[in-house]
Amino acid sequence: MTAPCAPSPELDLPVAPLLEPVTFAGLPLSSRFVMAPMTRAHSPGGVPTPEVAGYYRRRAEHGIGLIVTEGVLIGHPTAGHEDAVPRMTAGAAEAGWRRVVDEVHAAGGRIAAQLWHLGSLREPVDGRPAWTPSGVREPGRPVSHAMTVADLDELLEAYAGAARVAARVGFDAVEIHAAHGYLLDEFLWSFTNRRTDAFGGSPVRRAAFPAAVVRAVRTDFPADRPVIVRFSQFKERRFDARIAQDPGELEAILGALAEAGASALHASQRRFWEPAFAGSALNLAGWAKRLTGLPTITVGSVGLTRDFLRSTGPESVSGLAARVAAGEFDLVALGRILLGNPAWVSHAGAGRLDAIVDYRKAHEDTYR
Ligand SMILES: Cc1cc2nc3c(=O)[nH]c(=O)nc-3n(C[C@H](O)[C@H](O)[C@H](O)COP(=O)(O)O)c2cc1C
């Protein structure tokens, strides 16, 4: 059952507008809060267990409008190596995901599957090197395989296959992971993409393979359910890296993704209040929305301590709600704070700061 998360009217909290129902890329949601994708490695053999279903259901019960699952490996041997990271197409994974989706729906929530290929961040397995755009990795990392055009086609089919399973299982949306230095982001970033064919060079050419993935997924995922693309400037191992030096380059990249059929964009940044480019206060999701007209999700250090709910500056809930009210972006994703506080949205909505614990690194070792 859905627990009450609407604030008492007399509280008049700044979080209240974020708790109102909203339609996002055609998807009706109970609130503007999203659970950010977080790899938890609790799916032995790649199969989500009943415990995983309960973990997601609890966030839906407590006011999260849209859950984005942890990264789910597409069905290709180069996608990832860790046993307990969930798969989409392996054996019993489909039944495991069906349980997850059914429980989230029963709690009144919606859920998107994040489709993932690690690219160079996959360790070599059985002597097979990682697949990357140009064989270029961070200094000191093992050699990788520069993908041929036939390899690209093989992966397009693997993404499409994962989208077909996600559709069959009942996911409300899919999110293509093109952020943080993994395979699709390695195409977007000029440091790792040195290709001289149609998939490398200018920003729009670097976006050609990620756009082909969007097209393949869009074709095989029901037209009335959104295909979201997550992107970032930073890389997991390089916080200062950028795929776009200025708004014009970002427009070229995101324009290619939009034209390929992306329904919405999830702009990953580390702190939501930081401007994406000099000369404007817009954050990355704000720029994405302005440049493409697509609905967007913001993320980055939302609610990590209770001060977020108490203070009034740009980093607070008031600052965040003002940006939503101004139409800068549409949804707000919560990551780390949800690890130790499955009911964060309910408690914040009811003004129950006493029931919230500030984020601590140790929460990443818990699973509840
Ligand atoms: C434990 C953990 C696992 C994560 N796994 C993923 C992932 O699988 N896919 C992804 O796109 N981002 C992943 N992220 C990044 C989060 O989605 C989010 O962008 C980040 O934590 C910033 O949001 P926060 O400040 O609210 O935590 C992960 C973050 C954490 C802490």
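The values are calculated or read from the model by the stated rules, or taken from the named source; none is laboratory data. Note that the coordinates shown come from a computational prediction; the quantities given were computed from them, not determined experimentally. Cβ: placed from backbone, ideal geometry, glycine included. Neighbour counts: every protein chain shown. Surface areas here come from the heavy atoms of the whole protein model, side chains and all, with no ligands, DNA or RNA. Shrake-Rupley method; radii C 1.70, N 1.55, O 1.52, S 1.80 Å.
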### Task
Please find, within the stretch 235-254, the residue that is nearest to the chain's Cα centre (by Cα) out of those that are within 18 Å of Pro295 (Cβ to Cβ) and open to solvent by less than 30 Å² (accessible area, probe 1.4 Å).
Leu254
### Query
Counting just the residues of the stretch 348-368 that are more than 15 Å from Glu20 (Cα to Cα) and in contact (Cβ under 8 Å) with a residue 40 or more places away in the chain, which one comes out most open to solvent (accessible area, probe 1.4 Å)?
Arg368
### Query
For Phe209, all conditions in the list (1) more than 23 Å from Asn283 (Cα to Cα); (2) open to solvent by 10 Å² or more (accessible area, probe 1.4 Å); (3) touching a residue at least 60 places away in the same chain (Cβ under 8 Å); (4) not acidic (Asp, Glu) hold save one; what is the number of the exception?
(2)
### Query
Only one of (1) within 16 Å of the ligand (Cβ to nearest atom); (2) touching a Leu at 6+ places or on another chain (Cβ under 7 Å) is not met by Arg290, so which one is it?
(1)
### Query
Of all residues in the stretch 310-334, how many are part of a loop (DSSP other than H, G, I, E, B) and surrounded by fewer than 18 Cβ atoms within 10 Å (Cβ to Cβ)?
6
#### Entry: Within the stretch 300-309, tally of residues that are touching a residue at least 40 places away in the same chain (Cβ under 8 Å) and buried (at least 18 other Cβ atoms within 10 Å of the Cβ)
2
### Message
Looking at the stretch 264-276, I want the residues that are over 21 Å from Thr23 (Cα atoms) and polar (S, T, N, Q) and have a partner that is away from the ligand (no atom under 12 Å from the Cβ) and open to solvent by less than 30 Å² (accessible area, probe 1.4 Å) with Cβ atoms under 7 Å, at least 6 apart or on another chain. Which pairs are those?
### Response
Gln269/Asn283
### Message
Need the failing condition index for Ala112 against (1) part of a loop (DSSP other than H, G, I, E, B); (2) at pLDDT 95 or above; (3) in contact with a Leu (Cβ under 9 Å, 6 or more places away or on another chain); (4) buried (at least 24 other Cβ atoms within 10 Å of the Cβ), just the number.
### Response
(1)
### Message
So, in the stretch 223-234, how many residues would count as being open to solvent by 40 Å² or more (accessible area, probe 1.4 Å) and not charged (D, E, K, R)?
### Response
1
### Query
Within the stretch 62-95, can you find the residues that are crowded, with 23+ Cβ neighbours inside 10 Å and away from the ligand (no atom under 15 Å from the Cβ)?
His62, Gly63, Gly65, Thr78
### Query
Of the residues that sit in the stretch 115-134 and are open to solvent by less than 20 Å² (accessible area, probe 1.4 Å) and polar (S, T, N, Q), which one is nearest to Leu19 (Cα to Cα)?
Ser120
### Query
So which residues in the stretch 274-299 are in contact with a Gly (Cβ under 9 Å, 6 or more places away or on another chain), assigned to a helix (DSSP H, G or I) and open to solvent by 20 Å² or more (accessible area, probe 1.4 Å), if there are any at all?
Lys289, Leu291, Thr292
### Query
Any residue at all in the stretch 265-273 that is among the basic types (Lys, Arg) and either assigned to a loop (DSSP other than H, G, I, E, B) or surrounded by fewer than 18 Cβ atoms within 10 Å (Cβ to Cβ) (or both)?
yes
### Query
Does Asp185 qualify as being out of contact with any helix residue (DSSP H, G or I) (no Cβ under 7 Å at 6 or more places or on another chain), within 16 Å of the ligand (Cβ to nearest atom), in contact (Cβ under 8 Å) with a residue 60 or more places away in the chain and under 30 Å from Gly65 (Cα atoms)?
yes
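Which residue is surrounded by the fewest Cβ atoms within 10 Å (Cβ to Cβ), if the candidates are limited to the stretch 40-61 and must be within 16 Å of the ligand (Cβ to nearest atom) and more than 10 Å from Val104 (Cβ to Cβ)? Even if it seems obvious, please write down each step before you answer.
Here is the first cut: in the stretch 40-61, the residues within 16 Å of the ligand (Cβ to nearest atom) are 40-43, 46, 48, 52, 55-56, 59.
From the residues that got through so far, the ones that are more than 10 Å from Val104 (Cβ to Cβ) too are 40-43, 46, 48, 52, 55.
Details: Arg40: 16, Ala41: 12, His42: 15, Ser43: 24, Gly46: 22, Pro48: 27, Val52: 22, Tyr55: 22.
This residue is Ala41.
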